[in-house]
Every structure is written in C-alpha cells, then in structure tokens.
1. Quick one: which residues, 5+ away or cross-chain, put their amide H under 5 Å from the amide H of residue 9? H built at 1.01 Å from N.
2. Go through 1-9, 13-21 and give me the packing order, highest mean Cβ count within 10 Å leading.
3. In the neighborhood of residue 11, defined by Cβ-to-Cβ distances under 14 Å, what is the net charge if each Lys or Arg adds +1 and each Asp or Glu adds -1?
4. Rounded to the nearest 0.05, what FRET efficiency do residue 32 and residue 12 have when you use their Cβ-Cβ distance and R0 = 30 Å?
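Read the figures in this text as sums done on the coordinates, not as results from a lab. Everything numeric in this text was worked out from a predicted model, so none of it was measured. Every residue, glycine as well, gets a Cβ built from its backbone with ideal geometry; the counts of neighbours run over all protein chains shown.
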Amino acid sequence: FELNFLEGKVFNKFGEEVPQNQFAPESQAFLKEMLGEPKVQEE
C-alpha cells in the first residue's frame with residue numbers, strides 16, 4: 001500500500017485508491033491518526 005499524506009488517501013500497488021472503510025476498524029483508526037484530514041494545497 002502507498003499512503004499519500006497530501007491527499008489523505010491509500011493506494012494499492014496498481015495506483016488505485018483503496019477506500020478506508022475496507023480496512024479493519026483498528027487499521028482505520030491508525031490511518032485516521034496518521035493521515036489526519038486531507039490537506040488542501042494552496043496556490
């Protein structure tokens with residue numbers, strides 16, 4: 001898996017987004033803690 005901290009998303013090895021609701025509750029809590037809210041890039 002790839003964690004994208006800028007977008008707050010998880011991707012599989014094919015570059016496809018994996019919805020966080022497909023993970024176990026413990027994993028969801030970890031991802032929420034690690035990724036936080038998606039960051040908005042300012043221009």
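1. Correct list: 4.
2. 1-9, 13-21
3. It works out to a net charge of -2.
4. The value I calculate is 0.95.
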